[in-house]
Structures are given as C-alpha cells and as structure tokens.
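Notes follow once the structure below has been shown.
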Amino acid sequence: MSGHDGDCLSPGIQAYVDKNNAYLAQRSKYIREVVKKWKFDTIAVHGLYTVQDAIEDYQGAIIEPVFMSSSQAYRDTDEMEAALAYLIPTWCYSRIANPSTYYYEWVLALLEGYGFDGETSCCSTSSGMAAIMTAVQPFLVHAEQHVHEERNFLATAQCYGGTFQQFSIRLMDERGIECRWIEDPTDIDEWARKIDRNTRFLYGELPSNPQLGFFDIAQVADLAHSHNLPLIVDNTVATPALLRPICHGADIVVQSATKTLTSSGFGMAGAVISRAGITTNIDNPKMRENFANYVKFLPNRDMGPNLHPVQAVMTLNDMRTLRSKIDLMSRSTMKVAKFLRDHPRVESVEYLGLPEHPLHELASRYLWLVDAEYDEQYGRPVNRYGHLMGFCIKGGAEKARVFFDGLQRIWRATDLGRIKSVATIPAISTHQQQGEEGRKLAHIPPNLVRLCVGGEHPDDIIADLDHALARLTPRSTVSMAGSG
C-alpha cells in the first residue's frame, strides 16, 4: 500500500520506519506470547489496551479513550510522508482510521480469530450493510485485460432483507453483476453447479435472519478454495461467542455490530474481519495478504464508510460481556421455543436448538458456547443456539398481525440482538421490499414472526407471548336451548 515500493528512503523517513517496525514487532510478540494465551472473556475485556498504554499516554484512563479529533498531527515532513505512504502505523484522518476504532478492531479481530492459529485483522465500518459492501466490492472489479467480462457470485437466498436488496438491486439490477442464489445451502452440489470461471466469491449467512438457515462451513469453504475463491460469512447472529467461521475455513467474516455485539442498542456499527492470506482469483497480492487492512486504507479511504470513534468505544464496551450475555439469551430462547412449540395456536417453530429441527444436528457441530469447558458452571463443551428464533401463527397473516399487536412487554421493532426482547413480522418489515417472489425464494411466509429473546427472565417473556396468543382464542359460545 506504500507509494515508496522499491524506492530508496531518505534517512529521516527510514528512521521513522525502523522505529515503527520495532513497535509492530513488539506488538506482534505481545499478541502471540500473551494475548493469544488468554481466554475469550479476557480478550473481550482487555483487548490490546494495556496498563502501560494508559499510564504513559492517557493519564491512567482504565477505559479506552475516545479520540474526537478528525486528524493527526506529525512531528515533521519525514513522519508525514512515511505515514501517508502507509510505511508506518497512522490514523492521519478519522475517515480512514482513528485510535478508538483501532481498539475496537483489534478486539474483534482477536475474538473472531479465537482458536485460529493464523493472524486475523479487522476493518470497522459505519453499519453492517457497509461491512457487506466493503467485503464484496473488491472482488467485483474488472480484470484489466477483460474490461467487459461477466462477473457473478453465489449467495444464500436465506439472508437478511438488506443483504438481499444490496445483492439483487444494487449489484444485479444497477451494475449487471449476477448473484446466483443458493436455495438449499446444505446441498453442496447446488453450490458446485453454480460456480464457473466468472465467479468471484461465495457468500453465506448463518444462522440466517430470520429463517435460521445453516450450512456446512468447512465443506463450502473447501469447495470455494478448490476454485481459488474466497468464502465470506455473515456471523452477525451467532457472534464469535458461538461460532468463529475463520476457524472452519472461511476467509472473511462480516458483522453487523449494531445487532448482537452492541446489545444495548446504542448506535450502529459494522466490521469486516479477515484471515491473513485469503484465497482469491483476483490478482492483487496486497489484498490477498491482509484483506481487512487493504480495504481500510485503500477502497474505504475513498468510499468513506467509516465508524465514528464514539460508537467504536460504545460498541467495544458492549462486547466485553458478550459470552455471558449470549449464554443467558440462548438458554432463555430455548425455554421460550419449547413453550411456543407446544402451544395450540402456533403452527411451527424455527429454532436450531430444538432436536426436531431439520438442521439441529448440523448446527450442533458448529454452535458451541466458547470456553464452556473452562467455565466453573459447565466444565465441558456446551451447545448454545443463540437468541434468534421464528414461529408461524396458525390462521395466516391476519392472525399473525392480531397476535403481534397484542404484545405488551416484547417490543415491536425491526431490530435484533438487544438486551430487550424484540419481535417483528419480516414479510411487512425487514423483508417487505424484496417482494412476494423474493420472500418465497427465501422461505419467509407471511405469518412468520421473528423473535429475538433478550436478557429478561424467560417466564416474563412467555407470559407476554401467552397473553398475545390468547387473543386468537375464539370466544366461547353458549347454546341457548329454546323452551317449549
């Protein structure tokens, strides 16, 4: 990414490069010899912000400081030139980077890479949709010798409505880049049939929002790599507390940190996390070597989907207790799912934790509460299936609306992953714009209710659901016998 590749550096610039190379080597050693040996919770709490950092640079602040400055000053022309050529670590301008976003990125890179032997890096974005755009656009460039060549990519049809719109409208309709939808992501032959020489990447969301779709990550990653293609995975719902796709072969992970990672609901954030040395048929060595850093310092520098430093630190604070919150929400969701499964007014329940769910066995191979074996409460590996579930109301769309309007404790909103329980009807909200045919493709019926269970006591959530379902019970009719 340097403008000085192959050039002879001046003594002043070289001095800054040498100093910062020593700093980077020391930080890499600290990550390798100290941080990588910590448990998940310790990484989530501390990240790379040390006592030494706090005392020497930030007046002893225990929590990472928020850098509200839009730009960075330099000691002299040599340091500025080295920084703007990306020869040394820099945050020159907050549209590109900022110390506060660095702390957020370092933690997410470590959490998504927890248990992975290689290196991971992260690029923060202003939202989950910005993260998806950031992750896919670099693979859709024209090859220099084939300016008008066809381009396509594969993506699971069971995905968030915004993802469906970005792929089908912004890429297919507006730019002529074909999205080949995978209708059954568990069918590896469907993936294989749809790959050709113009395919650029494979994309999957799991568990999918709201249908709870799932697929064999390792199998799909192996297929992608056999064609010299990357696998990109949306891990928003599971989070690294339950699933770390990079450990199973994925090249890149996207997060809508607005959701589960920021359970408080304070603001919006996204992230792209990549492993070192991704697989790709795009001839771009620097992108291949460190994808997240490449998109941060080059494409996103020019496009500007940056994350505000205040939001970075707020999200970072929410992430510190991620594992315990996901465990609590998962256990509560299982209890709620069992209640709904047995309710006479509920047609069906979609929750991967239910043994009768057709994807339960597959999901159970991947969804594990991180570090449960080190937890005094469990002492062994434990499956957890997250906070997201769906269920269909008997009687169709109108009955679903009657039930939905009867909720009192559960919030009616298009959000998920909150500490407060939230529900929506995807057909009239998150997936409304993709149309009836698009919803059929994604298996979203009009009577489906999406529920994200929060941190409340599950008995209170069940009581609210029971109250709303009672509105669907026909009034008793009393037969009046005639006299005579």
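For segment 39-53, residues that are part of a helix (DSSP H, G or I), modelled with pLDDT of 95 or more and not β-branched (Val, Ile, Thr) total 4. When each of 154, 140, 171 is tested for being within 22 Å of the chain's Cα centre (by Cα) and under 28 Å from residue 362 (Cα atoms), the lone residue that passes is 154.
The selection criterion, being more than 23 Å from residue 415 (Cα to Cα), of a type in the set (A, V, I, L, M) and buried (at least 24 other Cβ atoms within 10 Å of the Cβ), does not hold for residue 223.
When residue 226 is tested against the conditions (1) of a type outside the set (Asp, Glu); (2) more than 11 Å from the chain's Cα centre (by Cα); (3) under 24 Å from residue 454 (Cα atoms), the lone failure is (3). In segment 440-478, what residues are surrounded by 20 or more Cβ atoms within 10 Å (Cβ to Cβ) and over 27 Å from residue 328 (Cα atoms)? Result: 442, 444, 447.
Of the residues making up segment 299-331, those that are surrounded by fewer than 22 Cβ atoms within 10 Å (Cβ to Cβ) and within 19 Å of residue 93 (Cβ to Cβ) are 299, 301, 302, 303, 304, 305, 308, 310, 313.
Residues of segment 366-381 that are free of Cβ contacts under 8 Å to residues at least 24 places away in the same chain and among the charged types (D, E, K, R): 373, 375, 376, 380.
Which of the following residues is in contact with a Phe, Trp or Tyr (Cβ under 7 Å, 6 or more places away or on another chain) and without any contact (Cβ under 8 Å) to a residue 24 or more places away in the chain: 412, 471?
Numbers: 471 fails: without any contact (Cβ under 8 Å) to a residue 24 or more places away in the chain.
Going through 412, 471 in turn, the sole match is 412.
Against the list (1) closer than 26 Å to residue 446 by Cβ; (2) without any contact (Cβ under 8 Å) to a residue 40 or more places away in the chain, the condition residue 361 fails is (1). With respect to the conditions (1) within 30 Å of residue 202 (Cβ to Cβ); (2) more than 17 Å from the chain's Cα centre (by Cα), residue 89 falls short on a single one, namely (1).
Let's see how each residue does on (1) outside the structural domain of residue 113 (by TED's automatic domain parsing); (2) more than 28 Å from residue 324 (Cβ to Cβ); (3) out of contact with any helix residue (DSSP H, G or I) (no Cβ under 7 Å at 6 or more places or on another chain); (4) surrounded by 12 or more Cβ atoms within 10 Å (Cβ to Cβ):
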site	(1), (2), (3), (4)
22	yes, yes, yes, no
30	yes, no, yes, yes
33	yes, no, yes, no
48	yes, no, no, yes
51	yes, no, yes, no
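Inspection of segment 382-402 identifies at least one residue that is loosely packed, with under 14 Cβ neighbours inside 10 Å and in contact (Cβ under 8 Å) with a residue 24 or more places away in the chain.
When 249, 267, 213 are checked against the criterion of being more than 27 Å from residue 382 (Cβ to Cβ) and in the same structural domain as residue 142 (by TED's automatic domain parsing), a single residue qualifies: 267.
Of all residues in segment 214-248, those satisfying the criterion of being of a type outside the set (Asp, Glu) and closer than 16 Å to residue 132 by Cα are 230, 231, 232, 233, 235, 236, 237, 239, 245.
The residue list 120, 77, 125, 101 contains one member that is of a type in the set (S, T, N, Q) and closer than 30 Å to residue 438 by Cβ, which is 125.
In segment 273-298, of all residues being surrounded by fewer than 24 Cβ atoms within 10 Å (Cβ to Cβ) and of a type in the set (Ser, Thr, Tyr), the one that is farthest from residue 245 (Cα to Cα) corresponds to 294.
The values are calculated or read from the model by the stated rules, or taken from the named source; none is laboratory data. From a predicted model like this one, the values you see are computed outputs, not experimental measurements. Heads up, the Cβs are rebuilt from the backbone with ideal geometry, glycines too, and the neighbour counts pull from every protein chain shown.
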